[in-house]
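Read the figures in this text as sums done on the coordinates, not as results from a lab. All values reported here derive from a predicted model rather than from experimental measurement. Cβ coordinates were reconstructed from backbone atoms using ideal geometry, including for glycine residues, and neighbour counts include every protein chain displayed.
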Amino acid sequence: MENQRQDSGPVIRMFGVGKRYGAKAALSEVSLEIDAGEFVFLTGPSGAGKSTFLKLLYLAEPPSEGQILLAGMNLARMGRRQLPRLRRSLGVVFQDYKLIATRNVYENVALVLDAAGADPGYTKKKVRVVLKKVGMEDRMASHPPALSGGEKQRVAVARALAGDPAVVLADEPTGSLDPVSAGIIMDLLLDFHRAGGTVILATHDDHLLAGARRVLVLDGGRLVYDGPNDLPAPKARRP
Amino acid sequence: MRRIFRHLARALADIRENLLLHALAASTIGIIFLLSGTFSLAIVNLSALMDRWHGNARIMVYLDDSGPGRLLEGNLVSLPGVKSVTFISKAEALKALSGNLGPQAGLLANLDENPLPAAFELSVDLADQGPEAVARAAEAAGALAGVSDVEYGRQWLSRFTMFIRLARVAALALSVLFLVAAVFITASTIRLVLYNRAEEISIMRLVGATEGFIRAPFYLQGMIQGLAGGLFALAVLFSFFALARSGISGGLTLGGFTPLFLPVWAWASGLAAAGGVGLGGCFLTFIRFGGR
């Protein structure tokens, strides 16, 4: 599924998925389908299992029970050699950015393409395009420690988009940002969605959920709601 | 090819970032290879010296007074490896002894008859056939009728040959031990670099980098470190050798023997082994600490 977007049909299917850490269940009996091209918000209080949900999707951790199918691929049966390919087919935006401090902005974004064995000429062009899109073209030579939180997250989004993924997973991408920076990040993710991409965005910020077509609510590791959010948008924040 | 250059650039950047660490490890590997190279150089030269002595080996064949005497010359000259045969009559032997005794030569004047046997001095060219060939030629000469005794420094030669063989085995065993030590030194260095870059590596894995992509620069670092150590050892060894040789040509003598440096295949193998040590150390690190 790498670099291919499906026009319709489920891109993610979960059947009775659970994750335990010792005796504690972080996620229990989650079953759902997410269609290609959907923008899904994942919300719930702290410790509800939002990050665990995403980690299972990019196989940072294996599920303790249940099955996950990503573009028809059963993640439980995925070998170690296939794992990098799976991860390259996803764009992941981490709350703590996960940028490499010793590499500059350009190198951080190019890493995804280098790892995929892309042609250096293509990589150069593509990295410039995505950095321009996130408004970081003029900071290519800067290193992450010299960037603000909002700038770091924009670079992280650029890195997530650089490999033309089918699905973007974003874990609290605006959690530590000011409203303006949060708005920029949301616009970038919405642009990706409008271009046909699937987005799963974990947040505990109710302001982001206004008008959302699909919201998954987790509580105590269980999926307690799956449907549209009909609440009006809070006044103070966008979108 | 582009990918290799990219990994090489990454490896060189990592070496620059941890220059002191890599320099220390490369120096330690260099010292290890220098020790190993010194042993090898000593053995190469001792072996060459021994071959030279064999090449100029002389066998003294003493004759019975009642035997065919000088008529044996034809038999002796046809023995394998014998270059030339010189007959020394009883009178010549006595004259030589008298000359060697110097002022005490008068002692010989009281002898009723000459007690020394006539002899043949055989000059042997057995450089390519080893010390056993000298013994074989001496044995063949001793089996001839009319020969009372044969002398060729058997014990000394066999002891020296045994010493060289033991030295070769010891050098080989030490070299293997040194190589293992060098592998562990490289492994420790790479492990430290891995720890330094643990977060970076985990990020690379999260964004889909393959293990090959992650590990290739480390393998290159290990190989560069090993090769640098090997080159350091080779340079120091050659410098000391050149100094020693100039000392010999400037006054010291080894009986006309010119010291030899390691043959090309030997030092090229040493360099390859040094590079291999780097790769091996890296491999060991990833086996023990490379899990995701």
Open item on the list: Need one number: the % of Cα-Cα pairs in chain B sitting beyond the 37 Å mark.
Closed with: 45
- [ ] Considering Cα pairs under 8 angstrom that are at least six residues apart, work out the relative contact order of chain A and quote it in whole percent.
- [x] 27
Task: Whether the protein assembly as shown is rounded, prolate or oblate, judged on the alpha carbon gyration tensor where a/c under 1.5 counts as rounded - done: prolate
Open item on the list: Only Cα pairs within less than 10 Å get springs; with that Gaussian network setup on chain B, which residue of B:I203, B:I248, B:I31 has the largest fluctuation?
Closed with: B:I203
Task: For the protein assembly as shown, share of DSSP beta bridges that run antiparallel, in % to the nearest 5 - done: 65
Task: P(r) histogram, all alpha-carbon pairs of chain A included - 5 Å bins from 0, percent - done: 1, 7, 14, 18, 20, 17, 12, 8, 3, 0, 0
Task: the range B:55-153, relative contact order [Cα under 8 Å, separation at least 6], % - done: 51
TODO: Have a look at B:L111, B:L34, B:L79 and tell me which one the Gaussian network model of chain B (Cα, springs below 10 Å) gives the largest fluctuation.
DONE: B:L111
Task: Debye, to nearest 20: dipole size of chain B, +1 on Lys, Arg Cβ, -1 on Asp, Glu Cβ - done: 1960
Open item on the list: Cut-off is 10 Å between beta-carbons; in what order do A:R85, A:R159, A:R213 appear when sorted fewest neighbours first?
Closed with: A:R213, A:R85, A:R159
Open item on the list: Please compute the contact order of chain B in relative form: average sequence separation of alpha-carbon pairs under 8 Å and at least six residues apart, divided by the residue count, as a percent.
Closed with: 30
Task: Among B:P115, B:L21, B:A273 the positive-end extreme of the charge dipole of chain B (Cβ point charges) - done: B:L21
Open item on the list: If you fit an axis through the alpha-carbon atoms of helix B:131-142 and take the longest principal axis of the Cα set of chain B, what angle between them do you get, 0 to 90°, nearest 10?
Closed with: 20
Open item on the list: Per DSSP helix of 4 or more residues, -39500 (n - 2.57); summed, then divided by the residues of chain A. What does that give at 222 nm, rounded to the nearest 500?
Closed with: -9000 deg cm²/dmol
Task: Whole-Hz couplings from phi, Karplus 6.51/-1.76/1.60, listed for the range A:180-192; x for Gly and Pro - done: 5, 5, 4, x, 4, 4, 4, 4, 5, 5, 5, 4, 4
TODO: Determine the alpha carbon to alpha carbon distance for each of A:K19/A:K50; A:K19/A:K55; A:K98/A:K152; A:K50/A:K152 and list only those over 18 Å.
DONE: A:K50/A:K152
